[in-house]
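A quick write-up on the structure given underneath.
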Amino acid sequence: MIERQHQAVPDVTLKRKRLLTGMGLYFLICTLAMVWPGALIANRIEPLVMGLPFFFFWYVLWVFLLFVGLIVTYSLESAGKEQDDE
């Protein structure tokens, strides 16, 4: 008889699932703010913000917020892996 070898399923804790779900929603909101619904809100030239038309500032703002979210996610994920290694 052939024995099946079970692959190790990664242990995903509830805390990590919540983190991944929360960050997934965060990135979804940031992405939607840059496309259809968000672009309709910001689709204007006036007011100028830091010398940029509002529409361009809107995109720069959301790209910056996505970058901050990536840094936070990376730091939380790497801290979790360090605790798993110990």
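Data for the structure
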{"item": "Criterion violated by CYS30 - all others in (1) touching a Phe, Trp or Tyr at 6+ places or on another chain (Cβ under 6 Å); (2) in contact (Cβ under 8 Å) with a residue 12 or more places away in the chain; (3) of a type outside the set (Val, Ile, Thr); (4) open to solvent by 40 Å² or more (accessible area, probe 1.4 Å) satisfied", "result": "(4)"}
{"item": "Of the criteria (1) touching a Leu at 6+ places or on another chain (Cβ under 7 Å); (2) open to solvent by less than 60 Å² (accessible area, probe 1.4 Å), which one ALA79 fails", "result": "(1)"}
{"item": "Candidate set: the range 1-50, residues that are within 19 Å of LYS81 (Cα to Cα) and not in a helix (DSSP H, G or I); chosen: the one modelled with the highest pLDDT", "result": "THR13"}
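The values are calculated or read from the model by the stated rules, or taken from the named source; none is laboratory data. All values reported here derive from a predicted model rather than from experimental measurement. Here Cβ is always computed from backbone atoms with ideal geometry, including for glycine, and neighbour counts include all displayed protein chains. The area values use the complete protein model at the heavy-atom level, side chains included, leaving out ligands, DNA and RNA. Shrake-Rupley method; radii C 1.70, N 1.55, O 1.52, S 1.80 Å.
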